[in-house]
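Structure first, commentary second.
The values are calculated or read from the model by the stated rules, or taken from the named source; none is laboratory data. None of these values were measured; they are calculated from a predicted model. Glycine also receives a Cβ, built like all others from the backbone with ideal geometry; neighbour counts cover every protein chain displayed.
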Amino acid sequence: MQRPDTSTLLLLAARKMATTPSCTDCCAALKVNYGGFMLKAAIVNLMNHFGYSITKKEYTGLSLYDDFPVESLNERRFYNIGAGSFSHPYWTNIDYHTPYYSNVQKHPFINYDLTELTPLPIESNVAEIVYSSHTIEHVSNEAVQNMLREAYRILKPGGYIRLTTPDASLEYDAYRSNDLKFWYWIDWYSRRGTWEKLYKVSLSGASVYQLFLHHFASQLSEIAIDDSPEKKYSDIEIKEILSKYSLAEALDYFTKKCKYNPLHPGNHMNWWNDNKLSSFLKEAGFSACYRSGYGQSKIPPLRDTHFFDNHPQISLFVEAIK
């Protein structure tokens, strides 16, 4: 019997998946992973049936580090602040232990609380790269400034820092044009069993005002599950404040009313755009600051989107050199 090519096998697998029953609503949060697992299983079974075998090759991108000193590689002098589930053989994770994130903090990390404004437990002038993705929106200006000063201290001369965070300018444009599709997670957090631990309502019922506010001053939004502030802002109040002040003044108006809540460390309580982040980097001592793009770093390891630059649709990417 002639073996079909791989394109035919993929088509057969897709047809098999079309007859596979989907999860019930009570398993909605697992539906994507379940579907992906079933598709993989169908492909493997078909390939095995026709005499093919599949070998998984782990991707590490280690060749991107060939120009760095062996000592830096062995000592893992590449630091990811707010690392979460990140894991790489040359990198050291820095994160803060909390039950909220315990399900993703599976790898060893330096336990460090950004909100305490203390020095990083790392020597000066030893780091090759510092990276932080979607962390600085979770803490105050003071915490970010201390983090950037510490990053400057630990970096070698000529070392790089790369920061990614939600782009407040992009998000404001989406708010002004009532572009609800910008918040691409709405559909997911509209399914039963997905939104209840994060929001008071299904996001299908959230207004553009509340979606916008929640993503830079979470606890002030009416849809936030965090009840720590007494004052929540209505759609009318949000609109009035955004109309009354400049964008930076309006965003600061809200974020200054946010307080870090250790019970809800996933809250956003800060906003960033290119100008604000560049000014913070320069104050920390960095002289060369520039806007980057998804996978467009000036330093090879940070172009590796297997490990870096998540949430590209909504993100700001900025780099600086010591």
Residues of the range 297-319 being among the hydroxyl-bearing types (Ser, Thr, Tyr), in contact (Cβ under 8 Å) with a residue 12 or more places away in the chain and assigned to a loop (DSSP other than H, G, I, E, B), in sequence order, are 297
The range 262-275 residues that are under 20 Å from residue 113 (Cα atoms), paired with ones that are among the acidic types (Asp, Glu) and in a loop (DSSP other than H, G, I, E, B) (beta carbon under 7 Å, 6 or more apart) = 264/226; 267/226
The range 144-170, residues that are touching a residue at least 60 places away in the same chain (Cβ under 8 Å) and assigned to a helix (DSSP H, G or I) | 144, 145, 147, 148, 149, 151, 152, 154, 168, 169, 170
Subset of the range 100-129 [assigned to a loop (DSSP other than H, G, I, E, B) and either under 22 Å from residue 156 (Cα atoms) or not assigned by TED's automatic domain parsing to the domain that holds residue 154 (or both)] | 109, 112, 117, 118, 119, 120, 121, 122, 123, 124, 125, 126
Out of the residues in the range 265-311 that are within 14 Å of the chain's Cα centre (by Cα), closer than 30 Å to residue 210 by Cα and polar (S, T, N, Q), which is surrounded by the most Cβ atoms within 10 Å (Cβ to Cβ)?
-> 267
Take residue 260 and decide whether it is surrounded by 15 or more Cβ atoms within 10 Å (Cβ to Cβ), under 30 Å from residue 210 (Cα atoms) and out of contact with any His (no Cβ under 6 Å at 6 or more places or on another chain).
-> yes
